[in-house]
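Enquirer: Take this structure, written in C-alpha cells, and hold onto it; I'll ask about it next.
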Amino acid sequence: MARLIDSYQRKFRYLRLSITDSCNFRCSYCLPNGNCIDPALEGPLNLDEIINLTTAFAGLGVEKVRITGGEPTLRRDVVDIISAISAVEGIDQVAISTNAYRLAQLAPRLAAAGCKAANISLDSLDAGKFARVTGQTTNQAVLDGIDAALEAGLKVKINAVLMKGINDGELSNFLDYVKTSPVTIRFIELMRTGDNKEYFEKHHVRADVLALDLVEQGWEVMQRGTLSGPAEEYFHPDYHGHLGFIRPYAKNFCDGCNRLRISCRGELKLCLFGDGQESVRHLLQNPTQMEELQLTILQRLSTKKESHSLQDDNFGTTRQLASIGG
Ligand code: SF4
C-alpha cells in the first residue's frame, strides 16, 4: 500500500540509494578535481543499516530501489547489498547506476543477486571526447560492460549528459548505436549544481532541438511507467533501441516526481535540488526502530516542495551529483 504520498498527491514508490560518494572518474560536470570527501565524516551505511532502511521504505510502499554512488561498484560488497535488498519483501525492482568500468566482470553476479536493470553513464561514443569528459581512457571497458549487462539479461539504459560544444552534435552516432543495440540512450540536460557554475554556463543547452529532430525523423514518444524516472523516451520501428531526454529545465518536469533519495551516510533528501537533508542513520541501528523511522520519513515527506527552483538558479545544497547519486 502506497503510504508515501506528498501534499501534491504524488506517490513515491522509488528510492534512489547512494552507497558511496567516492568515484574513480573525474567527470568535468561533476567531480573534475576528483573526490572531495571530508575525512572527518563517518563511513557509508553498512549492510545491516541498508537492510533496515529498505525494509522501512518497502513497508511504506516503495517497490523499486536504485543503487547509486559516486560509483557504487567501488564497494566490494555491492553484490551482497543488491542481494539483500532484492530479498526485502515488497521490493520488486533493484537497479544500479554505474560508470560501467567494472561491469564486464560484475554483470553476471549482479544479475544473479537480483539486479534487473543498469543505467550506464556514457557521454560520448568518441574515445577522445570520452577521455576529455571523464578523465579516463576506459571507454572500451564501458562498451564491453554494456554488452555484458545485456548478455546477463539486465535492462540497459545509457545516460549521456548533453553538453554544448562537446556531444550536442553526436545524435547521429547514438542513432547508429541504437539501430542494432536494444538499449535506451537518454540525453540529460546538464544541470547546475553548487560546484559547476562556469562549466554550466559554458556547456548547458536545452534538449528541445534534438527532440524535435527526432520527431521529424519519425520517432514516436512512448508511455511512461509508474516506476519510471523522468525521461521521455521515443521508439522507431526500424531501430532495436530507444532514445530519450531528461529535461529538468522543462515546464512541469516535477509534476510526476516519484522518487526519494538517501545519501550514502543515511541522509534523506526530498529533492535532488532541495535545501538540506536530514540524517535518519540513528534510526537504522535496530529493527525495533522501524516505526519511528517510518514516522520520521512520512513527517519529512509532508514538507516536500512542489518542484525544484533551478530556473531561479536555486540548486539547493547539492554541490556535485556524486554526493547524492544524481
Ligand atoms: S527536481 Fe526534485 S521535485 Fe523535481 S523531479 Fe527531481 S526530485 Fe522531484
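Enquirer: Of everything in segment 286-318, what is assigned to a loop (DSSP other than H, G, I, E, B) and surrounded by 20 or more Cβ atoms within 10 Å (Cβ to Cβ)? Give them in sequence order.
Expert: H308, F315, G316, T318
Enquirer: Conditions: (1) over 16 Å from the mean Cα position of the chain (by Cα); (2) surrounded by fewer than 17 Cβ atoms within 10 Å (Cβ to Cβ). G145 meets all but one. Number of the miss?
Expert: (2)
Enquirer: How many of the residues making up segment 205-227 are of a type in the set (S, T, N, Q) and either without any contact (Cβ under 8 Å) to a residue 24 or more places away in the chain or more than 24 Å from S97 (Cα to Cα) (or both)?
Expert: Summing the residues that are of a type in the set (S, T, N, Q) and either without any contact (Cβ under 8 Å) to a residue 24 or more places away in the chain or more than 24 Å from S97 (Cα to Cα) (or both) in segment 205-227 gives 2.
Table: residues versus (1) modelled with pLDDT under 95; (2) touching a Gly at 6+ places or on another chain (Cβ under 6 Å); (3) within 16 Å of the ligand (Cβ to nearest atom).
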site: N252; (1), (2), (3): yes, no, yes
site: T288; (1), (2), (3): no, no, no
site: K304; (1), (2), (3): no, no, yes
site: F315; (1), (2), (3): yes, no, yes
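Enquirer: What pairs come out if I take residues in segment 44-64 that are aromatic (F, W, Y) and pair them with residues that are crowded, with 18+ Cβ neighbours inside 10 Å whose C-beta lies under 8 Å away, six or more apart or interchain?
Expert: Every condition considered, the pairs that remain are F57/L4; F57/L15; F57/V65; F57/L260; F57/I297.
Enquirer: From the list G169, G229, which residue is exposed (fewer than 13 other Cβ atoms within 10 Å of the Cβ) and either in contact with a Gly (Cβ under 6 Å, 6 or more places away or on another chain) or small (G, A, S) (or both)?
Expert: Checking each option against the conditions leaves just G169.
Enquirer: Just give me the residues in segment 3-26 being open to solvent by 20 Å² or more (accessible area, probe 1.4 Å) and closer than 28 Å to V79 by Cα, in sequence order.
Expert: R13, R16, D21, S22, C23, N24, R26
Enquirer: Within segment 173-183, can one find any residue that is hydrophobic (A, V, I, L, M, F, W, C), crowded, with 20+ Cβ neighbours inside 10 Å and touching a helix residue (DSSP H, G or I) at 6+ places or on another chain (Cβ under 6 Å)?
Expert: no
Enquirer: Which residue, of G225, G276, G256, is in contact with a Pro (Cβ under 7 Å, 6 or more places away or on another chain), within 16 Å of the ligand (Cβ to nearest atom) and modelled with pLDDT under 95?
Expert: Selected residue: G256, the only one of G225, G276, G256 that is in contact with a Pro (Cβ under 7 Å, 6 or more places away or on another chain), within 16 Å of the ligand (Cβ to nearest atom) and modelled with pLDDT under 95.
Enquirer: Among (1) open to solvent by 20 Å² or more (accessible area, probe 1.4 Å); (2) within 30 Å of S28 (Cβ to Cβ); (3) within 11 Å of the ligand (Cβ to nearest atom), which single condition is L321 missing?
Expert: Evaluating L321 over (1) open to solvent by 20 Å² or more (accessible area, probe 1.4 Å); (2) within 30 Å of S28 (Cβ to Cβ); (3) within 11 Å of the ligand (Cβ to nearest atom) leaves (3) as the failure.
The values are calculated or read from the model by the stated rules, or taken from the named source; none is laboratory data. The model shown is predicted, which means the values in this text are computed figures rather than measured ones. When we count neighbours, we look across all protein chains shown, and the Cβ atoms used for this are built from the backbone with ideal geometry, even at glycine. Side chains are part of the model used for accessible areas, which takes the heavy atoms of the whole protein and leaves out ligands, DNA and RNA. Shrake-Rupley method; radii C 1.70, N 1.55, O 1.52, S 1.80 Å.
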